[in-house]
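Written below as structure tokens is the structure these notes are about.
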Amino acid sequence: MSVKTIELQERKEGKSLYSYQKGAIDKIFKCFEEAPEDYHLLYQLPTGGGKTVIFSEIVRQYLKTHKKQVLVMTHRIELCKQTSRMLSEFGVSNKIVDSKADLSDQHEFNCFVAMVETLNNRLNDNKLDISDIGLVIIDEAHYNSFTKLFKFFEKSFILGVTATPLSSNINLPMKDNYNELIVGETIQSLIENEFLARAEVYSYNVGLTSLVVGANGDYTVKSSEDLYTNTDMLTKLIQAYEERCKGKKTLIFNNGINTSLHVYDTFRRAGYPVAHLDNNNTKKERKEILRWFKETPDAILTSVSILTTGFDEPTVECIMLNRATKSLTLYYQMIGRGSRILKDKSGFTVIDLGNNLHRFGPWGSDLDWHKIFRSPNYYLDGILSDEELENNFRYEMPDELREQFKKSEQVYFDIKKCYIDSIRAGESSKVVLERSIQHHAHICTENSEDLWDALALAKLLGDDIDYRISRYTKCISKSTYNFVEWLKEDYRKKLNSYLRSNFDEIFEEINGFPPEE
């Protein structure tokens, strides 16, 4: 019997917390007792581990034992409402401080839930009395918008909660605003004890060197949209879906509204049930789209970052990262949307189209959060650049394509090694592509009955050809966009021409007899 099964039985007997959640609360309250009243404590727990449940119970117990008020801060209105509902479920009467809130009855409440910007305005206008706030809880504490409010709570105990204790702004490390970090249960432990679903990740290599990093340290929307709206990327996206996620409820994350609209149109034209959601949708539209997504078993929902926090749909079976990110937090948030467990769901699929897996490692890998908290720059400096990632990448045919070439023992061709060997032999670098074409022609012929079969197989080699051209241009240190595109087109023409001229000879060499006329 699993830990979760035992603890679910405990819940039926009236207990509302799992053992690891109780343990976290005990540690936090011990800090309450021992630390100064203005102490700043940070608590880490993975997405899906129940951070809101934990801090709601903390609020309940705190109000029961302390004659002080509590303030909970969030960065989005959806999180405000969800937090307020959870607190109410724990028997905590609370008031949401939003732009329309009537604060004339504030003295009747001991707990307030507020968004950062709204609270900042109310405090600057002296509309909210915070003189008796003893505990401030900050949800999604890695966002830096909260720090400007710390000056109002110099005598309050501040508890930040986050899945990733790494600041969203490299210039404002969390260690500068928090005295201590408590690390909760690991993703691996939550999976093993059946609290979270296991992720099966498939990574598709994407050339990212065209992306531009913006002032916030992540890729700009414009450079991402230039890459992810091109035909090749949209084709790769839908092929990946059909290979790994077809028929599964799928959530697609993009960097940019225009990209998401292109994705929506691509899936709609392919006949799949799909919807698009971004922050321009009205509340009514958003509600209808999310209801449709929940009720439709094979629904596809394409969106921008709007669903990375405050969105909980356990029936999601596939997450598609149709973007690259430099943010470890965003990487974990996106994948975490599929990690909710159900009675008939113990795993989910992740499709990575941004080299994120190679940049950050597997979701749930053993990260030293204490070290990252203390030395964020050391961690960030160790992340591989896009060029390094691409240099370390080796193209592998997807399983379905590899099946088309099953008669070939080796379908990989090492461009870099061939280049080095040719230079050492005093040959022109052009022989590298000639030998690559010969290799492609050989495996196409080896798996064909006639020339037309071979030409059809050659058409399936697009990703492999693009990978080989990419490696080749790095070897010769010449990679302007127009030159690379010309090489790709020229390679395809030469491969078809080589097959037409040499198919019979290659076929006879492989099989010991000529092809039938």
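Rule-based calculations on the coordinates, nothing more; no lab input. Treat the numbers as computed from the prediction; the structure is a model and nothing was measured. Don't worry about glycine lacking a Cβ; one is built from the backbone with ideal geometry, like all the others, and counts go over all protein chains shown.
Structural remarks
- Summing charges over all other residues whose Cβ lies under 10 Å from the Cβ of Lys51, with Lys and Arg as +1 and Asp and Glu as -1, gives -2.
- Helix 462-475 axis, angle to the chain major axis (alpha carbon atoms, nearest 10°): 90 degrees
- Anisotropy class of segment 238-299 from Cα gyration tensor, a/c 1.5 cut: oblate
- Charge sum, other residues only, whose C-beta stays under 14 Å from Leu384's C-beta, Lys/Arg counted +1 and Asp/Glu -1: -3
- For segment 199-208, Karplus couplings with θ = phi - 60° (6.51, -1.76, 1.60), whole Hz, Gly/Pro x: 8, 10, 9, 10, 10, 10, 5, 9, x, 10
- Computed helical MRE - 222 nm, the chain, DSSP H runs ≥ 4 contributing -39500 (n - 2.57), nearest 500: -14000 deg cm²/dmol
- For the pair segment 368-388 and segment 503-517, the centres of their Cα atoms are 55 angstrom apart.
- Degrees separating the helix 415-424 axis from the principal Cα axis of the chain, which is the longest one: 50 degrees
- Interchain or long-range residues, amide H under 5 Å from Val72's placed H: Phe112, Val113, Ala114, Ile137
- For segment 493-508, 3J(HN,Hα) per residue [Karplus equation, 6.51 cos²θ - 1.76 cosθ + 1.60, θ = phi - 60°, Hz, x = Gly/Pro]: 5, 5, 5, 5, 5, 5, 4, 4, 7, 10, 4, 4, 5, 5, 4, 5
- Measuring between alpha carbons in the structure, the pairs from Lys287/Lys345; Lys294/Lys343; Lys67/Lys151; Lys81/Lys283; Lys100/Lys127; Lys100/Lys155 lying more than 18 angstrom apart are Lys287/Lys345; Lys67/Lys151; Lys100/Lys155.
- Residues Ile133, Ile138, sorted so that the one with the fewest Cβ neighbours within 10 Å comes first: Ile133, Ile138
- Shown for His370, His440, His276: other C-beta atoms within 10 Å of each C-beta, ranked fewest to most, produce the order His370, His276, His440.
- Separation of segment 194-219 from segment 15-71 is 32 Å, based on Cα centroids.
- If R0 equals 60 Å, the separation of the Cβ atoms of Lys416 and Asp105 corresponds to a calculated FRET efficiency of about 0.25.
- Annotation for Arg291 and Ile77: the two label points, set 7 Å from Cα along the Cα-Cβ direction, are 1.9 nm apart.
- When the Cα gyration tensor is reduced to axis lengths a ≥ b ≥ c, the ratio a/c stays below 1.5 for segment 197-368, which is therefore classed as rounded.
- Exposure proxy shown here: for Phe150, Phe405, the number of other Cβ atoms within 10 Å sets the order, fewest to most, as Phe150, Phe405.
- Only lysines eight or more places from Lys416 in sequence, or on another chain, were considered; those with a Cα closer than 28 Å are Lys236, Lys326, Lys406, Lys407, Lys430, Lys459, Lys474, Lys478, Lys488, Lys493, Lys494.
- Measuring gaps between exposed loop sites in the chain (trypsin sites (Lys or Arg not before Pro); DSSP loop; at most 15 other Cβ atoms within 10 Å), the longest gap, sites not included, is 247-342.
- Less than 5 angstrom separates the built amide H of Asp312 from none of the residues sequence-distant by 5 or more or on a different chain.
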